[in-house]
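Asker: I'd like to ask some things about the structure below.
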Amino acid sequence: MHFDLSEDQAAFAAAARSFARQALAPHAAQWDAESIFPREALAQAGELGFCGLYAPQDIGGLALPRLDATMVFEELAAVDPSTTAYLTIHNMATWMLGTWGTETVKAEWGPALTAGQRLASYCLTEPNAGSDAASLQTRAVRDGDDYVITGTKAFISGAGATDLLVLMARTGESGPGGITAFAIPAQAPGIGYGKKEQKMGWNSQPTRIVNLDGVRVPASHRLGQEGEGFRIAMKGLDGGRINIATCSVGAAQGAFDAARAHLHDRRQFGRPLADFQALQFKLADMATELVAARQMVRLAASRLDAGDPEASTYCAMAKRYATDAGFGVVNDALQLHGGYGYIREYPLERLLRDARVHQILEGTNEIMRVIIARRLLDTRRPSDIR
Ligand SMILES: Cc1cc2nc3c(=O)[nH]c(=O)nc-3n(C[C@H](O)[C@H](O)[C@H](O)COP(=O)(O)OP(=O)(O)OC[C@H]3O[C@@H](n4cnc5c(N)ncnc54)[C@H](O)[C@@H]3O)c2cc1C
């Protein structure tokens with residue numbers, strides 16, 4: 001067991017850090033304030049391979065281990081968690097298409113998605129199916145060589161600005177076994193978008209309701225087999241949870257670095273803030289939480305890469321821990337900035353607003369506890385999680 005980065009991993013991290021400084025950092029505050037979806041920056045990320053980090057190579061992806069992908073996402077999230085989080089969703093949807101798509105759909109969409117020339121959304125949640133996603137009601141009915149899809153998706157990241165919807169719909173009985181996944185062109189006739197949701201954070205990416213009214217797609221746009229869609233959606237989310245957890249680690253690192261510098265720069269009572277032991281202890285706790293969160297995420301990513309049967313549980317643990325710890329670190333960093341932490345000239349309040357939703361989406365942290373506890377208490381297949 002060793003914890004050092006390989007040469008490749010260090011190189012990916014360095015490339016991501018440089019891209020983050022040049023392409024994200026100068027604009028992140030403006031994208032947040034004006035709710036601008038930075039398509040151009042995302043296309044530039046695509047040129048570096050960041051739009052298909054773990055997507056298969058036959059669609060132009062880099063097929064990297066999830067662990068390596070975390071090196072990239074963490075660096076980007078340290079300056080712009082919102083744009084990075086969208087990028088992770090795009091990576092997740094692109095991987096799903098590359099893994100379960102037909103040759104036809106992979107040829108049509110894969111290379112453009114991995115290059116960042118086209119963008120994807122992941123559509124699972126519905127107005128009445130959030131945590132209980134397996135109760136979704138959007139229906140896909142087979143009609144000759146096509147499916148006709150009708151229903152409503154809620155809270156869809158990127159919706160209205162993306163080109164492809166990876167969407168879960170019901171083709172069979174109630175429950176998870178009746179769900180099928182599809183890749184649907186985002187401008188197909190019958191698709192309508194709701195208003196851009198006004199959000200606390202994640203403002204550099206739109207979130208909208210998606211209405212589907214008799215949307216016709218060829219059967220070649222099905223991902224996997226009928227009835228496999230919920231399993232595919234959850235496979236996507238295993239990696240998605242690592243990604244969102246990584247965005248929290250990145251945001252926390254960005255906030256921590258700012259706080260450490262501020263403790264040296266800011267003087268009160270005739271001394272730098274760094275001289276006060278109460279604040280030293282706060283910083284020590286923040287660093288400890290941050291390192292623990294990062295290692296938890298890397299452990300889960302390694303388990304997923306190794307095909308460990310307990311990987312989903314580790315992913316849920318990492319998502320729960322890192323998004324809670326990450327939010328705590330960002331909040332502490334804001335506190336160490338005093339009033340300056342609360343004003344928009346400094347990045348702290350944006351990092352805080354962006355990191356908050358990580359505790360809610362891709363499965364809330366309560367649902368992460370449901371997943372972990374269910375596995376721990378399974379008497380038919382005892383777990384050896386340790
Ligand atoms: C900004 C944003 C972007 C999003 N992007 C996407 C996207 O791109 N694609 C997508 O498909 N979805 C997306 N979502 C949806 C997100 O995944 C859901 O909001 C989330 O899964 C929770 O569902 P809900 O909002 O319906 O809450 P509910 O399920 O109604 O939950 C409400 C509360 O009850 C708790 N709760 C529910 N059931 C239980 C239980 N059994 N035990 C204990 N507590 C429970 C929850 O943890 C939560 O605290 C996004 C959401 C947001 C806010």
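Every read-out reported here was derived from the displayed coordinates using simple, explicitly stated rules and does not represent laboratory data. Please read all numbers here as calculations on a predicted model, not as lab measurements. Note that we place each Cβ from the backbone using ideal geometry, even for glycine, and neighbour counts take in every protein chain shown.
Asker: For Cα pairs less than 8 Å apart in space and 6+ apart in sequence, what is the mean separation divided by the residue count of the stretch 120-227, i.e. the relative contact order in percent?
Answerer: Result for the stretch 120-227 is 32 percent.
Asker: Still on this structure, please answer the following. What is the distance in Å between the Cα centroid of the stretch 121-152 and that of the stretch 2-70?
Answerer: 31
Asker: Still on this structure, please answer the following. Taking the number of other C-beta atoms within 10 Å as the exposure measure, put Ile232, Ile343, Ile385 in order starting with the fewest.
Answerer: Ordered from fewest to most neighbouring Cβ atoms within 10 Å, Ile232, Ile343, Ile385 come out as Ile343, Ile385, Ile232.
Asker: Of the lysine pairs in the chain, how many meet both conditions: Cα atoms under 19 Å apart, and a spacing of 8 or more in sequence or different chains?
Answerer: Here the count comes out as 5.
Asker: While we're looking at this one, here's another question. Ranking Asp143, Asp305 by Cβ neighbours within 10 Å, fewest first, what do you get?
Answerer: Asp143, Asp305
Asker: Treat the chain as a sphere of radius equal to its Kirkwood radius over Cα pairs and apply Stokes-Einstein at 25 °C in a medium of 0.890 mPa s; give the translational diffusion coefficient in µm²/s, rounded to a whole number.
Answerer: 115
Asker: How big is the Cα convex hull of the stretch 327-386 in projection, averaged over all directions, in nm²?
Answerer: Computing the convex hull of the Cα atoms and averaging its projections yields 5.5 nm².
Asker: Can you tell me, using C-alpha contacts under 8 Å and at least 6 residues apart, the relative contact order of the chain as a whole percent?
Answerer: About 16 percent, as a whole number.
Asker: Right, here's the next one. What is the ratio of the Cα radius of gyration of the stretch 219-362 to 2.2 N^0.38 Å, where N is its residue count, to two decimals?
Answerer: With N residues counted in the stretch 219-362, Rg over 2.2 N^0.38 Å equals 1.30.
Asker: Moving on to the next point. Give me the tail of P(r) for the stretch 7-114 as a percent: Cα-Cα pairs with distance above 20 Å.
Answerer: Taking all Cα-Cα pairs of the stretch 7-114, the fraction more than 20 Å apart is 37 percent.
Asker: What helices does the chain have that are whole DSSP H segments, at least 27 Å long along their own axis by Cα, and with mean Kyte-Doolittle hydropathy of -0.5 or more?
Answerer: For the chain, where a helix must reach 27 Å along its axis and average at least -0.5, the hits are 81-100, 229-265, 277-305, 311-336.
Asker: Same structure again: Find the relative contact order for the stretch 7-114 and round it to a whole percent, using C-alpha pairs within less than 8 Å whose residues are 6+ positions apart.
Answerer: 32
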